Amino acid sequence: MAAPAAPAAPVPPAAAGAKDASQSYASASLYVGDLLPEITEAHLCDIFNQVGPVQSIRVCRDAVTRRPLGYAYVNFRMMQDAERALDTMNYSLIRGHPCRIMWSHRDPALRKSNKGNIFIKNLDKSIDNKMLYDTFSTFGNILSCKIATDEENKSKGYGFVHYEDESSCQAAMEKVNGKMLKDKIVYVGPFKSRREREDEQGGPLEQIYQNVYVKNVAEEVTEEEFKNMFEKFGTVTSFVLKTYQGESKKNLPATKYGFVNFDTQDAAKAAVTEMNDLEYKGRTLFCGPAQKASVRKAQLKAQFDKLKQDQIAKYQNVNLYVKNLDDTVTEEKLREIFEPFGVITSSKLMVENGSSKGFGFVCFTTPEEATKAVTEMNNRIVGSKPIYVSLAQRKDQRRAQLEAQMAQRFQQQRMPPGGQQQGFYNPQMGGYYPPQMGGQYPQQYPQQFRGMQQGHQKGGYPQQYPQGQGKGRGRRDGKGGKGGNKGKGRGNQGGQPPAARQGQPMPQGAPQQGNPSSWSGVAKGQQPPIPAPAQAPAPAPAAEAPAAQPDLAQQLAAAPPAQQKQMLGEKLYPIIEKHPAVQAEQAGKITGMLLD
């Protein structure tokens, strides 16, 4: 009978969690978040290549504006390198800002299920992502950990921790909930989405409140009187009444404000309904739900943005911009000039220190009137100057239009006159080298590539053979040069390009000539061969439709392996160079990285 197998040695929890984590991901792909907008693929390549060879990097951008979204994906070739990067570089500083690294989840079902996700609030403002990770990593393997921050990158006092399994989540809630962290008692509970919280409260969160904010209260109102004003709506659990500081310095009457907290939501809503806009001791009270500063700013910003959009839509295609005005033109005269074209709602001449700045605005009631005014008045002499009239544009629109024009002009200036030259890929020099202006390569490029480029520019073929060495040049009439029959110089044999001498096909339309320079080497007593009489040129064939060019896949399949990288580099480099997030000096490096 066989002996029972020995029990397996116990595995430490931390090692088991790391092993399970590595086995649960099929690819060595990492998610890198909390990145600054200026971080590009080249920056991340330099950082993560220190850990191990990187296969590819992608910084995610908005599909319309192409602005970075603050996160990227880094794909390693080896799983061990990805694990090492996650262990050593998580929450490290990139351009002075800590990054957040986690395994890339191709399937979003794990993130959306909220399993193993906990919510922590009442955190001290000094606790950052690293400290929160170190505190909760003792309960299990953490997939993601984040502290909520504001626009100034300051902590909002709450955060989230996502565990790999539910048991770690339960252990963290049991051990840390109600405990002291940095002199504050924290709350740890299961994460609930906004929809779940609204379902529990019975409506939108903006309409669920128990705390009421009251302002514009008369100065003579006391705290006891303030409390009695709101007790008729329900039980008041707490209240506070304060005086505005510095009202007397602003020459404003001193007023008070306060907060009243009720035990039920119905009592708070009844107080807001009854007390808002109520006259009390000569003051009109404002009573509304208490809001955080960030929520209030967001609401005000939405209101102002809506007013701005309404104003823009109102004056679209009816407001005119007029410049190059004479100094004698006043605002009344500007209005008189444009009145024959329609009803003017407003006109304004910009002045500074009482003198005209030379431009102004005229607003009509309909777009048709504005269009007629532009057609009739543009370049018309007013006073002693021709005025310029066009539709008024906002500053951001005008700036975007000018930037687009300058970018197009700069691109045209960079294009060489003879068309775009082709670059080359050199793995020994570590990158893809683009062509420079004028078709010349820099001095650091290999000598053979510069020679090839010069040959292409002169005659369409690389100048690998000397032309016309020696004194005796072959002549097309069959006679020798100064050297007679000895013919010291060979010249360009028969005027043929090197391709013809090497057995390569001649380009279409190239003249088929003899080899006069070789006649000088004929032995004495032999007559040089008589060239065939010239034949009448055959009529040119009818123009044929150009043959369809093969696609890139067919070209790569037909090309030898040594030229495949070169062909890919010629296709990739213009695309990478035109990308708005890639700097000009980084395009060659990124292309070389992709080709590797």
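The values are calculated or read from the model by the stated rules, or taken from the named source; none is laboratory data. None of the values given here were measured: they were computed from a predicted structure. Backbone-built Cβ (ideal geometry, glycine too); neighbour counts: all protein chains shown. Only protein heavy atoms, including side chains, enter the accessible area calculation; ligands, DNA and RNA are left aside. Shrake-Rupley method; radii C 1.70, N 1.55, O 1.52, S 1.80 Å.
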Worksheet item: Across the range 185-229, what is the total count of residues that are touching an Asp or Glu at 6+ places or on another chain (Cβ under 8 Å) and more than 30 Å from Glu174 (Cβ to Cβ)?
Response: 1
Fill in: Near pairs, Cβ below 8 angstrom, 6+ apart or cross-chain, from the range 95-109 (within 12 Å of Cys145 (Cα to Cα)) to any residue that is among the charged types (D, E, K, R)
Cys99/Asp34; Arg100/Asp34; Arg100/Lys146
Worksheet item: Restricting the search to the range 285-309, which residues are over 30 Å from Val221 (Cβ atoms), among the charged types (D, E, K, R) and open to solvent by 80 Å² or more (accessible area, probe 1.4 Å)?
Response: Lys301, Lys306, Lys308
Worksheet, complete the sentence: Going through the range 172-205 in order, the residues found to be in a strand (DSSP E or B), over 15 Å from Thr135 (Cα atoms) and either open to solvent by 100 Å² or more (accessible area, probe 1.4 Å) or of a type in the set (Gly, Ala, Ser) (or both) are Gly189
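Just checking, does the range 416-425 include any residue being modelled with pLDDT of 85 or more, open to solvent by less than 40 Å² (accessible area, probe 1.4 Å) and touching a helix residue (DSSP H, G or I) at 6+ places or on another chain (Cβ under 9 Å)?
Start the filter on the range 416-425 by keeping residues that are modelled with pLDDT of 85 or more, which leaves none.
No, there is no match, as no residue in the range 416-425 is modelled with pLDDT of 85 or more, open to solvent by less than 40 Å² (accessible area, probe 1.4 Å) and touching a helix residue (DSSP H, G or I) at 6+ places or on another chain (Cβ under 9 Å).
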Worksheet, complete the sentence: Restricted to the range 259-284 and to residues being open to solvent by 60 Å² or more (accessible area, probe 1.4 Å) and among the basic types (Lys, Arg), the residue nearest to Glu224 (Cα to Cα) is Lys281
Fill in: Complete set of residues in the range 359-388 that are over 24 Å from Asn317 (Cβ atoms) and surrounded by 12 or more Cβ atoms within 10 Å (Cβ to Cβ)
Gly383, Lys385
Fill in: Residue tally, condition among the acidic types (Asp, Glu) and either open to solvent by 100 Å² or more (accessible area, probe 1.4 Å) or in contact with a Ser or Thr (Cβ under 8 Å, 6 or more places away or on another chain) (or both), over the range 389-410
1
Worksheet item: How many of the residues in the range 300-330 are of a type in the set (D, E, K, R) and more than 23 Å from Lys395 (Cα to Cα)?
Response: 2
Worksheet item: Does Phe304 meet the test of being more than 20 Å from Leu391 (Cβ to Cβ), part of a helix (DSSP H, G or I) and among the aromatic types (Phe, Trp, Tyr)?
Response: yes
Fill in: Among the residues listed as Lys125, Lys121, Lys130, Lys156, the single one being charged (D, E, K, R) and touching a Ser or Thr at 6+ places or on another chain (Cβ under 6 Å)
Lys125
Worksheet, complete the sentence: Note on the range 556-596: residues farther than 20 Å from Cys45 by Cβ and surrounded by 15 or more Cβ atoms within 10 Å (Cβ to Cβ) are Leu556, Gln564, Gln566, Met567, Glu570
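Being closer than 26 Å to Asn141 by Cα and modelled with pLDDT of 90 or more: is that true of Tyr91 here? Lay out the reasoning, then the answer.
Numbers: closer than 26 Å to Asn141 by Cα: yes; modelled with pLDDT of 90 or more: no.
No: the conditions fail for Tyr91.
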Practice prompt. Only one of these is in a loop (DSSP other than H, G, I, E, B), surrounded by 12 or more Cβ atoms within 10 Å (Cβ to Cβ) and either touching a helix residue (DSSP H, G or I) at 6+ places or on another chain (Cβ under 9 Å) or basic (Lys, Arg) (or both): Val329, Val322, Val351. Name it.
Written response: Val329
Worksheet entry | Criterion (touching a Phe, Trp or Tyr at 6+ places or on another chain (Cβ under 9 Å) and farther than 12 Å from Ile120 by Cα) met by exactly one of Val161, Val212, Val188 | Val212
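Taking the range 531-590 only, how many residues are small (Gly, Ala, Ser), within 30 Å of Thr65 (Cβ to Cβ) and at pLDDT below 75?
Filtering the range 531-590 down to residues small (Gly, Ala, Ser) leaves 532, 534, 536, 538, 540, 542-543, 545, 547-548, 553, 557-559, 562, 569, 581, 584, 587-588.
Now narrow it down to the ones that are within 30 Å of Thr65 (Cβ to Cβ): 569, 581, 584, 587-588.
From what's left, at pLDDT below 75: 581, 584.
Number satisfying all stated conditions: 2.
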Item to complete: Those residues that are open to solvent by 80 Å² or more (accessible area, probe 1.4 Å) and assigned to a strand (DSSP E or B), I need them from the range 83-126; list them, please.
Response: Leu93, Lys121
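For the range 127-171, which positions are hydroxyl-bearing (Ser, Thr, Tyr), open to solvent by 40 Å² or more (accessible area, probe 1.4 Å) and assigned to a strand (DSSP E or B)? Write out each step before concluding.
Within the range 127-171, the first condition is being hydroxyl-bearing (Ser, Thr, Tyr), and the residues that meet it are 133, 135, 137-138, 144, 149, 155, 158, 163, 167-168.
Subset that is open to solvent by 40 Å² or more (accessible area, probe 1.4 Å): 133, 135, 137-138, 149, 158, 167.
Scanning the range 127-171 gives Thr149, Tyr158.
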Discussion item. Return the residues of the range 270-296 that are modelled with pLDDT of 90 or more and in a helix (DSSP H, G or I); say none if nothing qualifies.
Written reply: Ala270, Ala271, Val272, Thr273, Glu274, Met275
Item to complete: Give the range 221-242 a look and list any residue that's within 14 Å of Glu274 (Cβ to Cβ) and either surrounded by 13 or more Cβ atoms within 10 Å (Cβ to Cβ) or in contact (Cβ under 8 Å) with a residue 12 or more places away in the chain (or both), or say none.
Response: Met229, Phe230, Glu231, Phe233, Gly234
Practice prompt. Can you work out which of the residues in the range 358-399 that are over 39 Å from the mean Cα position of the chain (by Cα) and in a helix (DSSP H, G or I) is farthest from Lys333 (Cα to Cα)?
Written response: Glu368
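For (1) at pLDDT below 85; (2) over 23 Å from Thr264 (Cα atoms); (3) among the hydroxyl-bearing types (Ser, Thr, Tyr), each residue gets a yes or a no:
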position	(1), (2), (3)
Val188	no, yes, no
Phe191	no, yes, no
Arg197	yes, no, no
Glu206	yes, no, no
Val214	no, no, no
Val221	no, yes, no
Asn228	no, no, no
Phe233	no, no, no
Ser238	no, no, yes
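Within the range 194-211, is there a residue that is of a type in the set (Ser, Thr, Tyr) and within 29 Å of Phe259 (Cβ to Cβ)? Let's see the steps before the verdict.
Residues of the range 194-211 of a type in the set (Ser, Thr, Tyr): 209.
Okay, now just the ones that are also within 29 Å of Phe259 (Cβ to Cβ), so 209.
So far as the range 194-211 goes, yes, one or more of its residues are of a type in the set (Ser, Thr, Tyr) and within 29 Å of Phe259 (Cβ to Cβ).
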